[in-house]
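**Student:** I have a structure here, written as structure tokens, and I will follow up with some questions on it.
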Amino acid sequence: MCLLEAGPPDRYLWIHIPIGYGKTMFHPVYNWGFKTDPDPNMNDRQLYWPRGRTLGGSSSINGLIYVRGQKHGYDHWSALGNKGWSWQECLPAVLLTARTQRAGGVANTGGVDGPL
């Protein structure tokens, strides 16, 4: 197996710090800086489309944000015939990976000691 990535290694300090997204979003060495095609529904404006140009690609410049999937998505995969992918079946694994911080004494529904 061989993985090829364009750009330099991900040793840039700001790649590994969540707030570093602001430093990588327009960085010409670590970001391709693409723009979308003109969109007729937006008066032909183009949107900036940051894409990673380093080991890890766009995952390396995404601000280290994690968002858990929604119940509907898992259940849809299951309904398409993917056994074992329903929300109820995947939830135990999802909770093992989650780390939830409690704010103001409010209990969150999530894992406690996971890596994410």
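The values are calculated or read from the model by the stated rules, or taken from the named source; none is laboratory data. In this text the structure is predicted, and so the values were computed from the model without any measurement. For neighbour counting, all protein chains shown are included, and Cβ atoms are generated from backbone atoms with ideal geometry for every residue, glycine included.
**Student:** Would you point out the residue of the stretch 4-21, among those that are of a type outside the set (Phe, Trp, Tyr) and surrounded by 12 or more Cβ atoms within 10 Å (Cβ to Cβ), that is nearest to residue 61 (Cα to Cα)?
**Tutor:** Going through the qualifying residues, I end up with 15.
**Student:** Considering only the stretch 23-47, how many residues are surrounded by 11 or more Cβ atoms within 10 Å (Cβ to Cβ) and either touching a helix residue (DSSP H, G or I) at 6+ places or on another chain (Cβ under 6 Å) or under 24 Å from residue 11 (Cα atoms) (or both)?
**Tutor:** Residues flagged as surrounded by 11 or more Cβ atoms within 10 Å (Cβ to Cβ) and either touching a helix residue (DSSP H, G or I) at 6+ places or on another chain (Cβ under 6 Å) or under 24 Å from residue 11 (Cα atoms) (or both) within the stretch 23-47 amount to 10.
**Student:** Here's a follow-up. State whether one or more residues within the stretch 41-58 are in a helix (DSSP H, G or I), modelled with pLDDT of 90 or more and at negative phi.
**Tutor:** Yes, because at least one residue in the stretch 41-58 is in a helix (DSSP H, G or I), modelled with pLDDT of 90 or more and at negative phi.
**Student:** Could you please tell me which pairs satisfy a Cβ distance under 7 Å, a separation of 6+ or placement on different chains, a first residue in the stretch 48-63 that is surrounded by 14 or more Cβ atoms within 10 Å (Cβ to Cβ), and a second residue that is basic (Lys, Arg)?
**Tutor:** 58/51
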